[in-house]
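Undergrad: Here it is, the structure, as structure tokens.
The values are calculated or read from the model by the stated rules, or taken from the named source; none is laboratory data. It should be emphasised that the depicted structure is a prediction, and the values quoted were computed from it without experimental measurement. Note that each Cβ is placed from the backbone with ideal geometry, even for glycine, and that neighbours are counted across all protein chains shown. These area figures cover heavy atoms from the full protein model, side chains too; ligands, DNA and RNA do not enter into them. Shrake-Rupley method; radii C 1.70, N 1.55, O 1.52, S 1.80 Å.
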Amino acid sequence: MFWAKFLVVPIALAMCVGVTDQIDPDYNGEVDLISGEAVTESDDGEINSPYVAIPMDNGGANAVYDMKNAVYRYTCPGCHNTIVSTIADGLLTNSKVSISHEKGEPLKLFRNGEEVDNADLSNISAPGRYSVVVTGVNVEHSIMSFSIAGKKSSEYTDYRLPSGFDFTEVVYNDEKMELKDLSKVELSEDGKYEIAYRCIATGVRYNLELNVDHTPPQFTLQGVSDYSAGGPVTIVDEDKSDSITVLFNDGGAQKAPSDGVLTAPGRYTVIVTDDAGNTVSEDFEIRFYLNVQGWIFALLLIAAIVAVIVFMKYSKKNLRVR
């Protein structure tokens, strides 16, 4: 047993050559096979290593936390990809996320189910749900996923932490909430949530602030009664920061006119979206009508028709007299 243990140390050291050049040739203890650094034991008997294994919910990638650089390292089994991320798999943040690709097949970044063209993995900041996918010959594997929340959000009614993390404190509108479930917090009420949680394996703590808004925007369609109008319709928005789009006769979406006035006869759908992502819509139809210009044109047309009739009758009368 002694000789077996004696042989383990030089083998471990040899495996770490090229990883670090700071190996002490006189060290005869346990060596971290990733970093090549000594693994020490604390006063309470726990092992101190610069890399800590992180449990994964997806059962796919292998993950470790780099204590020195405060990043997560994910390795895709079977495709030999390794990425370094500032966020753990399955977490929600309102901060920028940075990912670097160390080796392996190409990566693709998906946001809300759609691939991000020319993605800058070092600066991911737009709100949405993300997935980092390995792509290659006969390979398509999601290494990790995460979400970024905007300044306001309507998307989340609750937040569940991935395995290996738990909540330490949640403050809602400056009042501390009672934590009945350390892995889940309810976000059904509008307001500000200040969330503190930790990684159980590393003890590293994180903070997240969410401004939750589930209240739909308010707007009025002046001139509409019982889903129809006999003249122009004016869109009156309660909040000037809302985004307003219009569908006309089942066509594509277009921005509402700057004055909010719709005049052309036809079927409409008005869609109003606030800065939290809440959306409300209303359908109506503008029936054919004549405005002032239309009435003038109609009167001119009638006058022209009458003039033609009178002229024709006068012409026939003159022909009979001759």
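Undergrad: Taking 0.36 nm per residue of separation and subtracting the Cα-Cα distance, what length does fully extending residue 306 through residue 176 add?
TA: Separation in residues times 0.36 nm, less the Cα-Cα distance, equals 38.6 nm.
Undergrad: Order these peptides, 108-117, 125-134, by their mean beta-carbon neighbour count within 10 angstrom, highest first.
TA: By packing density, highest mean first, the sequence is 125-134, 108-117.
Undergrad: Ok, one more. How would you order 302-314, 165-177 from highest to lowest mean count of nearby Cβ atoms within 10 Å?
TA: Top to bottom by mean Cβ count within 10 Å: 165-177, 302-314.
Undergrad: Let me ask something else about it. Could you work out the per residue convex hull volume over the alpha carbons of region 110-212, in cubic angstrom?
TA: 135
Undergrad: For a paramagnetic label modelled at 7 Å from the Cα of residue 215 toward its Cβ, which residues of region 226-252 fall within the zone defined by backbone nitrogen distances under 17 Å?
TA: Hits in region 226-252 for residue 215 at 17 Å: 237-243.
Undergrad: Per residue, how large is the accessible surface of region 152-225? Use a 1.4 angstrom probe and give square angstrom.
TA: 55
Undergrad: Then there is this: Using 24 Å as the Cα-Cα cut-off, could you pick out the over-long pairs in 96/176; 103/151; 96/192; 152/176; 151/184; 108/151?
TA: Table pairs above 24 Å Cα-Cα are 96/176; 103/151; 108/151.
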